[in-house]
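Q: Sharing a structure with you now.
The values are calculated or read from the model by the stated rules, or taken from the named source; none is laboratory data. Just so we're clear, the structure is a prediction, and the values are computed from it rather than from any experiment. Heads up, the Cβs are rebuilt from the backbone with ideal geometry, glycines too, and the neighbour counts pull from every protein chain shown. Only protein heavy atoms, including side chains, enter the accessible area calculation; ligands, DNA and RNA are left aside. Shrake-Rupley method; radii C 1.70, N 1.55, O 1.52, S 1.80 Å.
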Amino acid sequence: MRAWALLSAVLWSLLGVGSQRSSLFNKKGFVFGTVGHTVKIYVKLHQNSPVLVCMDVNRASKETVDPTYFWIGPNENTLTGNSRINITNTGKLVVKDFIESLSGLYTCTLSYKTIKAETQEETTIKKRYDFMIFAYREPDYSYHMAVRFTTKSCVGRYNDLLFRVLKKILDNLISDLSCHIIEPSYKCHSVKIPERDFVYELFIAFQVNPFAPGWKSVCNDSSDCEDATNRNILKARDRIEEFFRSQAYILYHHFNKTIPAMHFVDHSFQVVRIDNCRPGFGKNEGLHSNCASCCVVCSPGTFSPDVDVTCQICVSVHAYGAKSCP
């Protein structure tokens, strides 16, 4: 039996009638430096960084004589090519499979010569380019939802029965998506409607969460699978929205003049997305305006121990991505 039809039958029987981010990308996906300004770049966890160019846009449009490039990474370590670091002979840098500990300041010094045509006098010019790279991940989505149902009275067992049946139906509706209903609650209130007497209504609230038992099966053996869980929670949201739309439809088209005392209140469905960040990550719109919706790795001096949305202060933390305060 369809979920909407099942709930309708229950209502009748209860009482009867009544996607890397930087502002300096060019069209080829390269990020150029800017003298005197640190360029912020955000790289999604386990993805490759964009191509960092050890040169500004203006310099790149001109002839450069005898250029040399010297890259220094986080903790002032000299960068050389390895399985994660790729540096070309033209000074371009790519960091592969980016993780939290690779976050930090990347600095390149460009040295080149200018030669006077008349005297062949050579002058060495040095320019420094700073790139601040942060690992980020997408937030884990969940949804807070609220609906209202009419009822005959705020006293009696039928309200609790409706509440439990509704939760069971919604859980079954989204169980194949590894999502479930958490923190369900309801209160009964008397509501004065214009030009009508008081009516009793159940104000029902719940949260749709993508981490039902067994949720890791959608991850394909990877713990970093918010893309998969977020896709599922979006599908769960759409199914629940459609379910309540169908409640409104059958109320007006199936019951005719005979309406159950307990029924869905049309236009009462509300939904709000809630973002959570994994431990070691948080949101900071002021610091990371180019990635305001991202969960960005916690910087040194901060940590995030749980699925909050902010990194907390801890002066004893000296690494990126801290999950505790020593």
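Q: Hey, Thr123 hits all of (1) at pLDDT below 95; (2) touching a strand residue (DSSP E or B) at 6+ places or on another chain (Cβ under 9 Å); (3) not in a strand (DSSP E or B) but one; which does it fall short on?
A: Condition (3) is where Thr123 drops out.
Q: Would you check if there is a residue in region 241-257 being crowded, with 18+ Cβ neighbours inside 10 Å, of a type outside the set (Lys, Arg), at pLDDT 90 or above and within 29 Å of Ser175 (Cα to Cα)?
A: yes
Q: From the list Ile181, Ile174, pick out the single residue that is at pLDDT 95 or above, outside any strand (DSSP E or B) and open to solvent by less than 30 Å² (accessible area, probe 1.4 Å).
A: Exactly one residue qualifies, and that residue is Ile174.
Q: Another one. Being among the acidic types (Asp, Glu) and more than 30 Å from Val297 (Cα to Cα) is the filter; apply it to region 118-155 and report the residue that is surrounded by the most Cβ atoms within 10 Å (Cβ to Cβ).
A: If we take residues in region 118-155 being among the acidic types (Asp, Glu) and more than 30 Å from Val297 (Cα to Cα), then Glu122 is surrounded by the most Cβ atoms within 10 Å (Cβ to Cβ).
Q: Which pairs turn up if I take residues in region 172-191 that are at positive phi and look for partners that are in a strand (DSSP E or B) with beta carbon separation below 6 Å, at least 6 apart in sequence or on another chain?
A: Cβ pairs passing all conditions: Glu183/Gln207.
Q: Scan region 103-112 for residues that are under 27 Å from Glu138 (Cβ atoms) and touching a strand residue (DSSP E or B) at 6+ places or on another chain (Cβ under 6 Å) and jot them down.
A: Start the filter on region 103-112 by keeping residues that are under 27 Å from Glu138 (Cβ atoms), which leaves 103-106.
The answer is Ser103, Leu105, Tyr106.
Q: In region 89-117, how many residues are of a type in the set (A, V, I, L, M) and either over 33 Å from the mean Cα position of the chain (by Cα) or open to solvent by 40 Å² or more (accessible area, probe 1.4 Å) (or both)?
A: Matching residues across region 89-117 total 4.
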